[in-house]
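For reference, the structure discussed in these notes is given below.
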Amino acid sequence: MERVLFGDNQFFGVNHSSDEKARAQTMRFQQDDAIMAVLDSAIEEGINTFMCTTHDRVGEICNRIRGNEKYKDFKVYPCMPYAHKYANAVTELGYLGTIKQFVPGNIFSTFAKGGLAFMKKDFSELAKLMIDAEMKMFHGVNTPVIWVQNVITDLLLGLGMTDFLVTFYKHIKEKYHAEPGFITMNLPLLLDTLEKAGIENPTVCASINKIGFRMSGGIKKYEEVIAQKRCRLVAMQVLAAGALAPKEAFEYVCSLDGVESILFGASSRSNIHQSKSIIDRCSILVHG
Amino acid sequence: MIRIGIIGLGKMGISHCAILGAHPDVNLVAVCDSSSFVIDAFKKHTRFQCFTDYRKMITEMGLHAIVIASPTKFHTEMVHFALDNSLHVFCEKPFVLKAEDAEILAEKAEKKKLVNQVGYHNRFLGTFNEVKILLQMNALGELYHFNGESYGPVVLREKGNTWRSQKGQGGGCLYDYASHTIDLIHFLLDKPKDVSGTQLKHIFSNDVEDAVYSSITLQNGLSGQLSVNWSDETHRKMNTQITILGKKGKIIADATEVKIFLKESNELLGLSKGWTVKYLTELTANVDYYLRGEEYSAQIDHFIKCIKHSETNNKSSFRSASYTDQLISKLITDSK
């Protein structure tokens, strides 16, 4: 993984500190051209990885990238699923209705793969089919790391349904020949659980910032775990939803030996440039 | 360790299940759901005892407490049964369909000194708690108006068929969305008392309303507006916002920020003249396990703490939820 990864929250109206800013961003990025322009700026600043959710609009971005010489070295890290799509579907259609909508083919026909899995109540097989459905839009795009979103990782952790974390891990390796990644808000608990399930040195993305925002169990515990180097770690929410100034924020996270990559999103060339150069500078200072 | 069971493994039930499953003081031992598809998934992939009959689960499992997250129309009988078996009860919102049942259940739980809580999670959000403190410190002076709003993208087409889209089952925008807004108004300002000019609008649903608009008067005389719509796709997820106007200024708050405008600076509160914005990041305490917002973990944590310390003074009790149920009945009557 490269030291700096570019995120997508700003494109889809996700802002953890202000719903109002989120709406303004939704308006600004209504057209795909606006998103592509920012991605191009990121590339010009030397960032070649885009980590993004499986939002419908990412399909359009993939269409632009696919087969385009300009993006031949560009990597996309899909993060699945776009949870609100499913959460709203469950409220509207129930579990069965949701599965029916998102698993391809007729789930009530045993002639279809999904139907058979459904009839046999083979939940792992259903999960694989849903992963495949999410991955469709990335066909022909370079996706060396594929992530499961924190809401699913953490839900499975709490429920003790470790089986599905393992299903995801194996399916991504076997079918996509990619590195499976786990996004979490509960880093210490996740590492303990994955290790017990036989997954060593997993690729993990967690909230890591100087003020301990969304670091469940507290910043001390996180710092201990990070120093143990039990995973390949991507730091997200480094700016703590805007509560920290970039310099202070990146200096902190760069000082942690054990953080491999840093994820951030920005909407303007100048902000991308600023963040990228701070990270580059701090990384050289710390790691030589 | 507190032994707990869950009834109902829908969206909220599963979320509670994960939070309880990760809680250090809880031994989540049993789950119950009427859907064999869901319960089979739990049988196969979790350590919990699985039931399809909640009475059987309560009688057999020696529980201390129960979380009820079934469709609203079942709440009354389930809560009665749980209280009869001396269980502490956390019940999802809205509490019950008939307002008179809410009072009976509140009284029963209070008499038996059992912890009772309803899942109004806005009461556990850092931003809204900050607003409550500011109002208690009289930051806005005499209040003259409020605006309680919730919007989100739930029903966006003319289809869908779950209990939430059926009349008389506790579905619809009024029960599902507006209950949160009404409870928040109660939490921050006062008990809601009267309504007028209520409009329940059907946008895409046939049997239930998709939007609720009304004027509300509180027990302390303050009046304001309620505006709720779950067919609004300009919001990525549910967004609840409250605006409060007073003679000294105004507060606008949602789950992520509190915006305060003061005509004059308030030195006691450290607020300057004009706008001050406070963010969730400075107003939210960390939780031990995070799933989907600190408030969901915090409300369960509060329930567990109340049980551990025999504290029945709950932050979102049956009694307080009964006022929301009463107001929902009034909104329905007024709209006819």
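The values are calculated or read from the model by the stated rules, or taken from the named source; none is laboratory data. What you see is a predicted model; the values in this text were computed from it and never measured. Backbone-built Cβ (ideal geometry, glycine too); neighbour counts: all protein chains shown. When the accessible area is computed, the model is the full protein with side chains, heavy atoms only, and any ligands, DNA or RNA have been set aside. Shrake-Rupley method; radii C 1.70, N 1.55, O 1.52, S 1.80 Å.
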Taking each residue of B:288-295 in turn, how many C-beta atoms of other protein chains fall within 10 Å of its C-beta, and what is the average?
6
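Would you please name the GluC sites (Glu not before Pro) within segment B:243-336 that are DSSP coil residues with at most 12 other C-beta atoms within 10 Å of their C-beta?
On the way: sites: B:GLU257, B:GLU264, B:GLU267, B:GLU282, B:GLU294, B:GLU295, B:GLU311; in loops: B:GLU264, B:GLU267, B:GLU311.
Answer in residue order: B:GLU264, B:GLU267, B:GLU311.
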Whole Å is fine, so just give me how far the alpha carbon centre of segment B:318-333 lies from that of segment A:1-63.
43
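Any idea what the relative contact order of segment B:55-145 is, in percent, if you count C-alpha pairs under 8 Å spaced at least 6 apart? If you can, show how the numbers build up before the last one.
On the way: 91 pairs, mean separation 21.6, N = 91.
Rounded, it is 24 percent for segment B:55-145.
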Set A:LYS121/B:LYS315; B:LYS193/B:LYS250; A:LYS100/B:LYS315; A:LYS173/A:LYS220; A:LYS113/B:LYS44, cut-off 29 Å on Cα-Cα distance; pairs above it are A:LYS121/B:LYS315; A:LYS100/B:LYS315; A:LYS173/A:LYS220
Whichever aspartates and glutamates have a C-alpha closer than 14 Å to that of B:LYS330, once near sequence neighbours (fewer than 8 apart) are set aside
B:GLU100, B:ASP194
At 1.4 Å probe radius, can you tell me the per residue accessible area of segment A:4-287 in Å²?
41
What is chain B by shape, rounded, prolate or oblate, if you read a ≥ b ≥ c off the alpha carbon gyration tensor as root eigenvalues and call it rounded for a/c under 1.5, prolate for a/b larger than b/c, and oblate otherwise?
prolate
Which of A:THR54, A:SER270, A:LEU129 sits farthest toward the positive end of the charge dipole of segment A:4-287, with +1 on the Cβ of Lys and Arg and -1 on the Cβ of Asp and Glu?
A:LEU129
Ranked by accessible surface with a 1.4 Å probe, highest first, in what order do A:ASP192, B:ASP25 come?
A:ASP192, B:ASP25
Listed residue (A:TYR71, B:SER86, A:HIS139) projecting farthest to the positive dipole end of the protein assembly as shown, Cβ model:
B:SER86
What pairs from A:LYS85/A:LYS276; A:LYS72/A:LYS229; A:LYS247/B:LYS278; A:LYS196/A:LYS221 go past 24 Å between their alpha carbons?
A:LYS85/A:LYS276; A:LYS72/A:LYS229
Once the Cα atoms of helix B:11-21 and of chain B are each reduced to a long axis, what angle between those two axes, in degrees from 0 to 90 to the nearest 10, is obtained?
70
Count, for each residue of A:213-220, the Cβ atoms from other chains sitting within 10 Å of its Cβ, then give me the mean as a whole number.
4
Can you pull the accessible area of B:LYS56 for me, 1.4 Å probe, Å² to the nearest 10?
100
Residue (of A:SER41, B:GLY126, B:THR46) at the positive-pole extreme of the protein assembly as shown, dipole from beta-carbon charges:
B:THR46
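Could you list the GluC sites (Glu not before Pro) in segment A:174-270 that lie in coil according to DSSP, counting only those with at most 14 other Cβ atoms within 10 Å of their Cβ?
On the way: sites: A:GLU174, A:GLU195, A:GLU200, A:GLU223, A:GLU224, A:GLU248, A:GLU251, A:GLU260; in loops: A:GLU200.
Passing both the DSSP loop test and the Cβ count: A:GLU200.
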Please give the helix A:19-28 orientation as an angle from the longest Cα principal axis of chain A, in degrees from 0 to 90, rounded to the nearest 10.
80
Segment A:197-217 and segment B:118-193 have their Cα centres apart by a whole-number Å value of 33
Accessible area (Å², 1.4 Å probe, nearest 10) - B:SER35
40
Sequence gap at least 6, Cα distance under 8 Å: using those rules, report the relative contact order of segment A:1-130 to the nearest whole percent.
16
Enumerate by residue number the trypsin sites (Lys or Arg not before Pro) in segment A:58-147 meeting two conditions: DSSP loop (anything except H, G, I, E, B), and at most 13 other Cβ atoms within 10 Å of the site's Cβ.
A:LYS72, A:LYS120
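Could you put B:THR217, A:THR167 in order of accessible surface area, largest first, with the 1.4 Å probe and the full protein assembly present?
On the way: B:THR217 50, A:THR167 20 Å².
So, going from the largest accessible area down, we get B:THR217, A:THR167.
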Could you work out how far helix A:123-135 tilts from the main Cα principal axis of chain A, as a 0 to 90 degree angle to the nearest 10?
60
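Over segment A:4-287, what is the percentage of antiparallel beta bridges among all DSSP beta bridges, to the nearest 5? Mind dumping the intermediate values first?
Numbers: 0 of 27 bridges.
If we restrict to bridges inside segment A:4-287, about 0 percent are antiparallel.
How big is the dipole moment of chain B about its Cα centre under a simple scheme where the beta carbon of each Lys and Arg is +1, that of each Asp and Glu is -1, and everything else is neutral? Debye, nearest 20, please.
Rounded to the nearest 20 debye, it is 140 debye.
About its Cα centre, what dipole magnitude does segment B:171-292 give when the only charges are +1 on Lys and Arg Cβ and -1 on Asp and Glu Cβ, stated in debye to the nearest 20?
Details: 13 positive and 15 negative charges, 112 e Å.
Here the size comes out at about 540 debye.
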Relative contact order, percent, chain A [alpha-carbon distance under 8 Å, six or more residues apart]
18
No Cys partner within the rule (Cβ under 4.7 Å), the protein assembly as shown
A:CYS52, A:CYS62, A:CYS79, A:CYS205, A:CYS231, B:CYS17, B:CYS32, B:CYS50, B:CYS91, B:CYS173, B:CYS306
Under-5 Å amide H pairs with B:LEU28, H placed in peptide plane, nonlocal only:
B:ILE4
Partner aspartates and glutamates for B:LYS167 [C-alpha distance under 18 Å; skip if fewer than 8 residues away on the same chain]
A:GLU92, B:GLU158, B:ASP176, B:ASP207, B:GLU209, B:ASP210, B:ASP325, B:ASP334
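For the pairs A:LYS128/A:LYS170; B:LYS132/B:LYS201; B:LYS248/B:LYS273, note any where the Cα-Cα span goes beyond 20 Å.
B:LYS132/B:LYS201
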Number of partner chain Cβ atoms within 10 Å, mean per residue of B:225-235:
1
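Just the number, please: buried accessible area between A and B, total of both chains, 1.4 angstrom probe, nearest 100 square angstrom.
Working: alone 13970 and 15490 Å², together 25290 Å².
Protein heavy atoms only, the A-B interface buries about 4200 Å².
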